[in-house]
Amino acid sequence: MTVPASDYRATQIVVPAKLHGGLDRVVHAAVGRSRNGAAILRGMQAEAEQIVENGYAFRTLADGVLRARLQETASAFRRQRKGSEDTYPEALALLSEAAERSLGLRPYPVQILGALALARGYLAEMATGEGKTLTACLPAIVAGWSGRPCHIITANDYLAGRDAEEMTPLYSYCGVSTGWVSAPMTPPERRSNYARAVVYTTSKELLADFLRDRLQLGLRPEPSRRQIRQLMPFRTPGGDARVLRGIDTAIVDEADSVLIDEAVTPLIISHPQPNEHLLEACRTAHQIARRLTAPADYCVEQKYREITLTRSGREKIEASAQSLPGLWQGAGRREELIIQALTAEAFYQRDSQYVVNDGRVVIVDEFTGRLMPDRTWQHGLHQAVEAREGLELSDPNETLARLSFQKFFRFFRKLSGMTGTAREAASEFWHIYGLPILTIPTHRPCIREQQHDRIYPNQEGKWRAIAEAVMRCHETGRPVLVGTRNVAASERLSKMLADHGLSFRLLNAVRHQEEAAIVAGAGIRGSITIATNMAGRGTDIKLGPGVAAIGGLHVIATERHESGRIDRQLFGRSGRQGDPGSACAYVSLEDELFERFLPGPVRRWLAAPFRKRVHRLQPIAERLRVHAQRAAQRLAFRQRQSVLEMDTWLAEALSFTGSSVEQ
């Protein structure tokens, strides 16, 4: 029988408070800005320096004495005695010495500063290469001492396993168990790992297990009802199939990706539901859609990615539906099917939003460039894309439970995170998650040369210039990392470099098996690495022998992303830990960013002088690029806001069920 207290904690969540609005929101924003102030940073820096100094004083302690001090401190946090938080600085000083003895690593003052920020509920903005893995480990140990579940959220399964393995000696030294959870694990393996004090995993795995556990509870979400049921002699036989022991503390690495970029995508637990009528309708819709032409029959709105039928298009669809079965006789339903087919044709391109593997459409994550084989698009869109590719249509999925990442991470009692790029979304982090931003100084000054964007009138000119830039760097021996947005772009550049006889390493959604190894080797003299913008996130690029003397790693972005944060993440791959380096973006007026967020007349006005090599317009074009990025970010924020409003509406509409999770 499950102990009542542990059963209660296993399903306890923080019910998210209603977001501030009106004047309350203005005041709330002012409070957030005050917590981001320079005075707070200076105070915490002084505290961190004192902790580092105190940590050196423990060097003289015998190993047994240090372990005893750690155990004594752990007991104080375990009992949650009043004032135990006041011992946090001493705990970090002890952990600094423990880290050096167990890992051979003594935290820098900036890492201690980052640990303090995480412990106090901040989002720590730490540059690439500043040692976020060790930084997260320190507050996680203290959370593990408390006896409450602590989850460290990483960018992918590889990093979850790597970080857990690398930090295990320190956790063990401090008497804290650690585990990690990845996609291939079975339920018993997951349960065993989740039982540990600190668990490394991804947001997708944790949320999926959370939803599956909620489905296991069924109509018994309250602990009291479950305990009464266990006492009944006629209860259904069988053990508890849940794997989590609860959620309480989360430390999110690459927090901007998890809490902002992926926030609008709900995670859905589903199972295939055969529906031959829908599959046949998708095939028919594809055939009808191919007979329509733009702009006579429909209009394509690039900015909002919407399709609007014209009167001519509606008439053609109605005429085509005359001989079709009943599903096609309703105007609303048939137009919905056709719009879905046109959407698949206009906005979903092979080797960009998806790839085809073994006869299946596999979604590519727009922000990370990684394959997502377990995900499908909803409302018949996945089948529409399959029909476009001429593949066998898969059965649609029936939703069993769904929850957005945005709402899920608001369930945690203690939430903090780290990322190299947070400033652009500071107000959103505070408004939605209550996370103030603390920008952690770098351990050594950053000397990366950030070059002005190179802007070209068309794609052809841009790609020729990129290939020439790669060849120039390669001739000097400097390593080059080229960030592309999708598979098609990476393959295009690969062919151009191969035609010039250059060897390179390619990392994209199709060639991702050795991701970390490829990215880690990008700093070797003479190496050329082509990768999707976010690939290898979390893996440091260290310069090879002699590379610093010739300028370090040069990073090339082949286009600007809608989010400036992703550009900064890519550029931050060079110039880590005071290394030399440089970064530059190559931009075309035909790039998606400009086509979606700049009016056509403006693009055409710019393109003509550029073709005549009138470079005085370069600053104007760069300002327009900034304008386009800001417009894209505003649109993305409104989309995330609408998801949050929908979450709130569902919670209120389903409040009679007593559950905060949509099922």
I'd like to know if the stretch 311-327 contains one or more residues that are part of a helix (DSSP H, G or I), among the hydroxyl-bearing types (Ser, Thr, Tyr) and over 24 Å from LEU391 (Cα atoms). yes
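Only one residue in ILE141, ILE153, ILE112 is within 19 Å of the chain's Cα centre (by Cα), among the β-branched types (Val, Ile, Thr) and not in a loop (DSSP other than H, G, I, E, B). Which one? Talk me through it step by step, then tell me what you get.
On the way: ILE141 fails: within 19 Å of the chain's Cα centre (by Cα); ILE112 fails: within 19 Å of the chain's Cα centre (by Cα).
Among ILE141, ILE153, ILE112, only ILE153 is within 19 Å of the chain's Cα centre (by Cα), among the β-branched types (Val, Ile, Thr) and not in a loop (DSSP other than H, G, I, E, B).
Take GLY64 and tell me if it is in a helix (DSSP H, G or I) and either in contact with a Lys or Arg (Cβ under 7 Å, 6 or more places away or on another chain) or free of Cβ contacts under 8 Å to residues at least 40 places away in the same chain (or both). Step through it out loud before you land on a result.
On the way: in a helix (DSSP H, G or I): yes; either in contact with a Lys or Arg (Cβ under 7 Å, 6 or more places away or on another chain) or free of Cβ contacts under 8 Å to residues at least 40 places away in the same chain (or both): yes.
The answer is yes for GLY64.
Starting from residues that are among the polar types (S, T, N, Q) and under 23 Å from PHE597 (Cα atoms), keep the ones in the stretch 282-309 and report whichever is farthest from the chain's Cα centre (by Cα).
Ranking the qualifying residues of the stretch 282-309, first place goes to THR308.
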Mind counting the residues in the stretch 155-207 that are polar (S, T, N, Q), surrounded by fewer than 21 Cβ atoms within 10 Å (Cβ to Cβ) and closer than 28 Å to VAL65 by Cβ? 3
The condition from (1) of a type outside the set (D, E, K, R); (2) over 23 Å from GLU424 (Cβ atoms); (3) at pLDDT 95 or above that LEU123 misses is numbered (2)
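Which is closer than 29 Å to CYS446 by Cβ and out of contact with any strand residue (DSSP E or B) (no Cβ under 8 Å at 6 or more places or on another chain), of ALA124, ALA119, ALA38? Reasoning before the result, please.
Working: ALA124 fails: out of contact with any strand residue (DSSP E or B) (no Cβ under 8 Å at 6 or more places or on another chain); ALA119 fails: out of contact with any strand residue (DSSP E or B) (no Cβ under 8 Å at 6 or more places or on another chain).
Just one listed residue meets the conditions, ALA38.
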Within the stretch 271-305, the count of residues that are closer than 30 Å to HIS561 by Cβ, in a strand (DSSP E or B) and modelled with pLDDT under 90 comes to 1
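Determine whether TYR200 is touching a residue at least 60 places away in the same chain (Cβ under 8 Å) and of a type in the set (Phe, Trp, Tyr). Before the answer, list the steps.
Values: touching a residue at least 60 places away in the same chain (Cβ under 8 Å): no; of a type in the set (Phe, Trp, Tyr): yes.
The answer is no for TYR200.
Filter the stretch 162-182 for residues that are of a type outside the set (D, E, K, R), under 24 Å from LEU371 (Cβ atoms) and in contact with a helix residue (DSSP H, G or I) (Cβ under 6 Å, 6 or more places away or on another chain) and give the result.
Here is the first cut: in the stretch 162-182, the residues of a type outside the set (D, E, K, R) are 164, 167-182.
Those still in the list that are under 24 Å from LEU371 (Cβ atoms) too: 164, 180-182.
The answer is TRP180, VAL181, SER182.
Name the residues in the stretch 377-393 that are on the phi < 0 side of the Ramachandran plot and in contact (Cβ under 8 Å) with a residue 24 or more places away in the chain, would you? Outline the logic, then answer.
Taking the stretch 377-393 as the starting set, the residues that turn out to be on the phi < 0 side of the Ramachandran plot are 377-378, 381-389, 391-393.
Passing the criteria: GLN378, LEU381, GLN383, ALA384, VAL385, GLU386, ALA387, ARG388, GLU389, LEU391, GLU392, LEU393.
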Any chance the stretch 56-73 includes a residue that's more than 31 Å from the chain's Cα centre (by Cα) and within 30 Å of GLY575 (Cα to Cα)? yes
Taking TRP328 as meeting all but one of (1) surrounded by 20 or more Cβ atoms within 10 Å (Cβ to Cβ); (2) in contact with a Pro (Cβ under 6 Å, 6 or more places away or on another chain), write down the number of the exception. (2)
Considering every residue within the stretch 28-49, establish whether at least one is in a helix (DSSP H, G or I), in contact (Cβ under 8 Å) with a residue 12 or more places away in the chain and more than 35 Å from the chain's Cα centre (by Cα). no
Given (1) surrounded by fewer than 21 Cβ atoms within 10 Å (Cβ to Cβ); (2) assigned by TED's automatic domain parsing to the domain that holds ARG375; (3) small (Gly, Ala, Ser), where does ALA281 come up short, assuming only one miss? (1)
So, in the stretch 322-364, how many residues would count as being over 21 Å from CYS299 (Cβ atoms) and aliphatic (A, V, I, L, M)? 8
Residue pairs, Cβ under 7 Å, 6 or more apart or interchain, first in the stretch 588-600 and under 13 Å from ALA621 (Cα atoms), second modelled with pLDDT of 85 or more and of a type in the set (Ser, Thr, Tyr). List them. SER588/TYR456
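Quick test for you: out of ARG190, ARG212, pick the one residue that is charged (D, E, K, R), touching a strand residue (DSSP E or B) at 6+ places or on another chain (Cβ under 7 Å) and not assigned by TED's automatic domain parsing to the domain that holds GLN577.
Details: ARG190 fails: touching a strand residue (DSSP E or B) at 6+ places or on another chain (Cβ under 7 Å).
One residue alone meets the criteria, ARG212.
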Restricting attention to the stretch 335-361, report how many residues are touching a helix residue (DSSP H, G or I) at 6+ places or on another chain (Cβ under 7 Å), charged (D, E, K, R) and at pLDDT 90 or above. 2
Which residue pairs have Cβ atoms under 8 Å apart, sit 6 or more places apart or on different chains, and have a first residue in the stretch 337-356 that is touching a residue at least 40 places away in the same chain (Cβ under 8 Å) and a second that is acidic (Asp, Glu) and in a helix (DSSP H, G or I)? ASP351/GLU491
Selection from the stretch 370-394 of residues in contact with a helix residue (DSSP H, G or I) (Cβ under 8 Å, 6 or more places away or on another chain) and closer than 21 Å to LEU211 by Cβ yields THR376, TRP377, HIS379
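The values are calculated or read from the model by the stated rules, or taken from the named source; none is laboratory data. These numbers were taken from a predicted model, which means no experiment stands behind them. Positions of Cβ are generated from backbone atoms using ideal geometry, with glycine treated the same way; all protein chains shown enter the neighbour counts.
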